[in-house]
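Structure record follows, encoded as structure tokens.
The values are calculated or read from the model by the stated rules, or taken from the named source; none is laboratory data. Everything quoted here is computed from the prediction, not taken from an experiment. Note that we place each Cβ from the backbone using ideal geometry, even for glycine, and neighbour counts take in every protein chain shown. Side chains included, ligands, DNA and RNA excluded: accessible areas come from the protein's heavy atoms. Shrake-Rupley method; radii C 1.70, N 1.55, O 1.52, S 1.80 Å.
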Amino acid sequence: MEVKTGFVLGAGIMGSGIAHLMAQNGVQAILVDVDDAILKRSIGNIENLLNKRVAKGKMTEGEVKELLGRIKTSTDMKEAANADFIIEAVIEDVKLKQKVFAQLEEVAKPEAVLATNTTACSISEIASAMKDPSRLIGMHFFNPAVVMKLVEIMPGLATKPEIVKATKEFAEFLGKEPVVTDKESIAGIASRVLAGLLNEAVWVLDEGISTAADIDKAMKMGSNLPMGPLALIDMIGIDTHLAKTRTLYEKFGDARYRPCYLLEKMVHAGYLGRKSGKGFYDYSQDPPVPTVLK
Ligand SMILES: NC(=O)c1ccc[n+]([C@@H]2O[C@H](COP(=O)([O-])OP(=O)(O)OC[C@H]3O[C@@H](n4cnc5c(N)ncnc54)[C@H](O)[C@@H]3O)[C@@H](O)[C@H]2O)c1
């Protein structure tokens, strides 16, 4: 299936990255969010990334203009009517995802693929709100979407094989390495395995065993990780990580996913990680310094 136009719902961390990735690969991207200020910020973030590439001599200004010209922004979900491939990247809330897919299904072309970038919501549960649940699939990009090679493709119980095939082909077209899960579960492979590790790091901090900087240092130096777990949660978003662990805990009932109350306090305080400027680290300083969380 040739994808000329892609539609992305939600212009946060992941939605902007996915729209950027589409445009980088010559796909006309339509990026939709609830208000213009969010869309403006999202395009500004993409522009900043591209300008860094220009400064390094990896792109010309003309190429940046061309790429940005392939991203159209809108607050109108009905724009999905023009797309061959639809990817939802709104906040991690199953009720919201159900609501938007019931609406997207009404306007989408009959042959368009409907994909969700959810981390831990059940694909079958989201699809249960649709007239035709066989059109929905999980297509999980990793953060930052333009950089990370993996795309996990997670079919729900009802997903049609042709939707799985088209999603795999599109992921490859975007230069990604797809892995298709054989059985539906919560959070696929990489996010589920990682969730236990990230959660444990928060508990170690909360129990006062060490500082954020030393926990991250220990995991980088001792496990050869490219970044520490607390810095990674900041990059994911504290709210997004909390929503994911809550779902895993609720569905599996396993203590290894029990979210630490510290995460909830941070969300209430607006410490959402890099996207809000403060999480386990304070990003108003360069280099960022650990936030006082007591
Ligand atoms: N952050 C990560 O590292 C990461 C990685 C992989 C997958 N995900 C998943 O991707 C999804 C998005 O995560 P994110 O980190 O980009 O979140 P985010 O908070 O950065 O962005 C979510 C965006 O959705 C928008 N939104 C909310 N309701 C909407 C609606 N009705 N219509 C249109 N837009 C709406 C918000 O305004 C916001 O801009 C979640 O399901 C998350 O679990 C996140």
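Could you tell me whether region 149-206 comes out rounded, prolate or oblate from its Cα gyration tensor? Rule is a ≥ b ≥ c as square roots of the eigenvalues, rounded for a/c under 1.5, then prolate if a/b exceeds b/c, otherwise oblate.
Oblate.
Charges on Cβ only, +1 for Lys and Arg, -1 for Asp and Glu, centred on the Cα centroid of the chain; of PHE280, ILE126, LEU225, which one is farthest towards the dipole's positive end?
LEU225
Under 20 Å Cα to Cα from LYS294, which aspartates and glutamates show up? Leave out anything in the same chain fewer than 8 places away.
List returned: GLU200, ASP206, GLU207, ASP214, ASP216, ASP234, ASP239, GLU264, ASP282.
What part of the accessible area of the chain, given as a whole %, is carbon or sulfur when the probe is 1.4 angstrom?
Whole-percent figure for carbon plus sulfur exposure: 54.
Report the semi-axes of the equivalent ellipsoid for region 88-130 in whole Å, largest first, where each axis is √(5λ) for an eigenvalue λ of the Cα gyration tensor.
17, 10, 9
In Å and on Cα atoms, what radius of gyration and Dmax does the chain show?
Using the Cα atoms of the chain, the pair Rg, Dmax is 19.1, 55 Å.
For region 194-279, what does the alpha-carbon gyration tensor say about shape, rounded, prolate or oblate, given a ≥ b ≥ c as the root eigenvalues, a/c under 1.5 as rounded, and a/b over b/c as prolate?
It comes out oblate by the Cα gyration axes.
Along the three principal axes, how long is region 99-152 when you take its alpha carbons, biggest first, rounded to the nearest angstrom?
Computed over the Cα atoms, the extents are 34, 22, 16 Å.
Anything over 18 Å Cα to Cα? Flag those among LYS97/LYS165; LYS95/LYS251; LYS131/LYS160; LYS40/LYS72; LYS78/LYS109; LYS52/LYS220, in the order listed.
LYS97/LYS165; LYS52/LYS220
So what is the relative contact order for region 126-203, in percent, with contacts set as C-alpha pairs under 8 Å and at least six apart?
26
Calculate the length of the line joining the C-alpha centroid of region 140-162 to that of region 35-65, in whole Å.
Cα centroid of region 140-162 versus Cα centroid of region 35-65: 25 Å apart.
Report the local net charge at ARG53: Lys and Arg +1, Asp and Glu -1, summed over other residues whose C-beta lies under 12 Å from its C-beta.
Surrounding charge for ARG53 is 0.
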